[in-house]
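The values are calculated or read from the model by the stated rules, or taken from the named source; none is laboratory data. Values in this document were obtained by computation on a predicted structure and should not be read as measured data. Ideal geometry is used to build each Cβ from the backbone, glycine not excepted, and the neighbour counts take in all protein chains shown.
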Amino acid sequence: MRTERAVAGARRAAAGPSSDLLVDLATRFYVAGQSQIEIARALGLDASTVSRYLKRARDEGIVHVEIKRPRSLQGDLALELASTFHLKKAVVVAGPPGPGSGDAVAKAAADYVNSRLLNGMRLGLSWGRMLSAAIHKLPVGTVAELDISLLHGGMGRGGTGIQGHELARHLASLHPRSRVHYLHAPVLVDSPDIKEAMMRDRSIRAALESAASAEVALVGIGTLDDSAPLIRDHHISPRDRQRLLAQGAVGDMSTRFFNSEGEPVHVLDDRLIAVEWEQLKGVPLVIAMASGLEKRAAILGALRAACMDVLITDELTARSVLKAGRTG
């Protein structure tokens, strides 16, 4: 029986495929999900012949391949955003603002981050609500042996579920044999002398050096609004907030502050325990995620700071940032 099928298959191959055969092959492969080897065995053909016939089915228009961009993403707007601000990539989630828009941005951020992870990759991690939402949407165990470092110290109070050490622990739990370099220090201390003393600690220096050597950094973009965790949870005092605002600060990345033109604001630098601006810029791939019109000024300032490579945001915010960038 096998010999008869083989002879019949050889005759069909010599004569060339009929339209019915091409339709049969295409249906088996594209609709039924059979492999080329399974089809070859069933029809008594060589696997190479099946591959050639499938190509012919496409060439003759029997099979039409169409790639549709997900309706949830705004491709043209993302390209414009990336081109305008010299990004490697922008991801823009389509749709009107609303309660679900932040969740959609977090999902898009998780998908993008997951696509970039590699075994043994060195990751630098910040903190924040959007970053937390994205990390908690990552799937389990796509890669292993991540080396995770914190880009700055922790918060002494509030911010449950969004702090760097919590996010690092969760991220490590998703990927086998991953390890975390914990930074056992607050992000902001009371005086330059205290910072100087803490920076003499070998473990703190080692943790920051590890963060500075990251291959990928995951960061949020913060504001100085009342609702911002830095302000709401009193990590920054009212006096320090006023000092930052007086110097034109509009936001932060990894607790490094900048003004609307993207220039660093150094008011708190002598008390911050975090990677330096130039170290963050030196990370090969900085992925920033933020959404909401209330963050427009901070996102625009962060883009002008040229400290990120990828921005993930929502459609309305992207359009607003582009408009402000043209007129500002």
Heads up, the helices (runs of 4 or more DSSP H) in the stretch 232-328 (entirely inside) with at least 2 residues that are in contact with a Ser or Thr (Cβ under 9 Å, 6 or more places away or on another chain), in the same structural domain as Val93 (by TED's automatic domain parsing) and β-branched (Val, Ile, Thr) are 315-327
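Does at least one position in the stretch 299-314 carry a residue that is among the hydroxyl-bearing types (Ser, Thr, Tyr) and modelled with pLDDT of 95 or more?
To start, the set of residues in the stretch 299-314 that are among the hydroxyl-bearing types (Ser, Thr, Tyr) comprises 313.
Those left that are additionally modelled with pLDDT of 95 or more: 313.
Taking every residue of the stretch 299-314 in turn, at least one turns out to be among the hydroxyl-bearing types (Ser, Thr, Tyr) and modelled with pLDDT of 95 or more.
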With the first residue restricted to the stretch 219-237 and required to be hydroxyl-bearing (Ser, Thr, Tyr), and the second required to be crowded, with 24+ Cβ neighbours inside 10 Å, Cβ contacts under 6 Å at 6 or more apart or on different chains are Thr223/Gly251; Thr223/Lys295; Thr223/Ala298
message = So for the stretch 55-69 (the condition being of a type outside the set (A, V, I, L, M, F, W, C), modelled with pLDDT of 85 or more, exposed (fewer than 15 other Cβ atoms within 10 Å of the Cβ) and outside any helix (DSSP H, G or I)), does at least one residue qualify?
response = yes
For the stretch 266-275, the count of residues that are in contact (Cβ under 8 Å) with a residue 60 or more places away in the chain and acidic (Asp, Glu) equals 1
Subset of the stretch 292-302, residues out of contact with any helix residue (DSSP H, G or I) (no Cβ under 7 Å at 6 or more places or on another chain) and under 13 Å from Phe258 (Cα atoms), comes to Ala297, Ala298, Gly301, Ala302
Condition (residue is within 17 Å of Val113 (Cβ to Cβ) and in the same structural domain as Ala274 (by TED's automatic domain parsing)) applied to the stretch 180-194: is it met by at least one residue? yes
In the stretch 204-231, anything assigned to a helix (DSSP H, G or I) and modelled with pLDDT of 95 or more is listed as Ile204, Arg205, Ala206, Ala207, Leu208, Glu209, Ser210, Ala211, Ala212
